[in-house]
């Protein structure tokens, strides 16, 4: 697998983005009781008016969730606000909080303050908070009719086996900067490998996941906010690496 390595100019905004969901996940340890944290976050100013519901993992006894690493970070409670401007959701577990925004994406200038509110709310309400992992993730559905991407062959990407290019059904992952302070894993897949609904005419799904290294630790809200900015920059870089210069030029919103 290879991609062109030349630097591309990343546009500030696309006329039609491909984002179907963007989210920040924070995993942590704390001294507060989980039920107390959920209650405090439910009363947190920006989220007071959100609807509430329990999530399926809440049916699993807490000791079992805590003992099993695959269950430990599952959210058990959700605050949500469906709406025409995109659904927002805050999902909370004993050691995890995630903030979600679904399509239509509001843009980074609007989404960033929402994430900063989430970080601020967590630090204000969780006693003895120690952040253990951060993850910023963007899920994208590239479409033939909107983005001019009919298959993986239209990406700035070459997949070859024995010299023959692979252009059909694809499900591949690659990791950038493994072992560094912040790593990024990119998944490229055609729709038959994706569970859940995708927009009509989706041809290629791109999942860009930026996350901290094993052993990460922070007790400072400012450190998390700083990481968030750097992670968003890396996410954009990896997404636009996949698009040809011609595709970027055709999709970028012109400066006014």
Can you sort 209, 249, 162 from fewest to most other Cβ atoms within 10 Å of each residue's own Cβ? 162, 249, 209
Expressed in whole Å with the largest first, what are the equivalent ellipsoid semi-axes of the stretch 4-149 derived from the C-alpha gyration tensor as the square root of 5 times each eigenvalue? 31, 17, 16
Would you mind ranking 234, 13 so that the residue whose beta carbon has the fewest other beta carbons within 10 Å leads the list? 13, 234
At a threshold of 8 angstrom on Cα-Cα distance, excluding pairs fewer than six apart, so keeping six or more, what relative contact order does the chain reach in percent? 25 percent
Simple spin-label estimate for residue 213 and residue 8 in nanometres, 7 Å along Cα-Cβ: 2.8 nm
Percent of all Cα-Cα pairs per 10 Å bin for the stretch 94-149, counting from 0 up to the last occupied bin, reads 16, 43, 26, 10, 5
Computed over the chain: longest principal axis from alpha-carbon atoms vs helix 108-125 long axis, angle to nearest 10 degrees, is 20 degrees
Set the Förster radius R0 to 45 Å, insert the Cβ-Cβ distance between residue 250 and residue 117 as r into 1/(1 + (r/R0)^6), and round the FRET efficiency to 0.05. 0.80
For the stretch 146-186, what does the alpha-carbon gyration tensor say about shape, rounded, prolate or oblate, given a ≥ b ≥ c as the root eigenvalues, a/c under 1.5 as rounded, and a/b over b/c as prolate? oblate
Over the chain: helical MRE at 222 nm, DSSP H runs n ≥ 4 each giving -39500 (n - 2.57), nearest 500: -7500 deg cm²/dmol
Give me the log10 of I(q) over I(0) for the stretch 158-256 at q = 0.11, 0.22 Å⁻¹, as the Debye formula computes it from C-alpha points; what are the numbers? -0.48, -1.23
Can you tell me the orientation of helix 221-241 relative to the chain, as the angle in degrees between its alpha-carbon axis and the longest Cα principal axis, to the nearest 10? 20 degrees
Using only the Cα atoms of the chain, build the gyration tensor, take square roots of its eigenvalues as a ≥ b ≥ c, and label the shape rounded, prolate or oblate: rounded if a/c is under 1.5, else prolate if a/b is larger than b/c, else oblate. prolate
Based only on other Cβ atoms within 10 Å, what is the fewest-to-most ordering of 100, 213? 213, 100
Label-point separation, residue 221 to residue 171 (7 Å along Cα→Cβ), nm: 4.2 nm
With each pseudo-label sitting 7 Å past Cα toward Cβ, what's the residue 233-residue 43 distance in nm, one decimal? 4.0 nm
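Every number here is computed from the coordinates shown, using simple stated rules; none is lab data. This one's a predicted model, so the numbers in the text were calculated from it and none came from an experiment. FYI the Cβ positions are ideal-geometry reconstructions off the backbone, even for glycines, and counts take in every protein chain you see.
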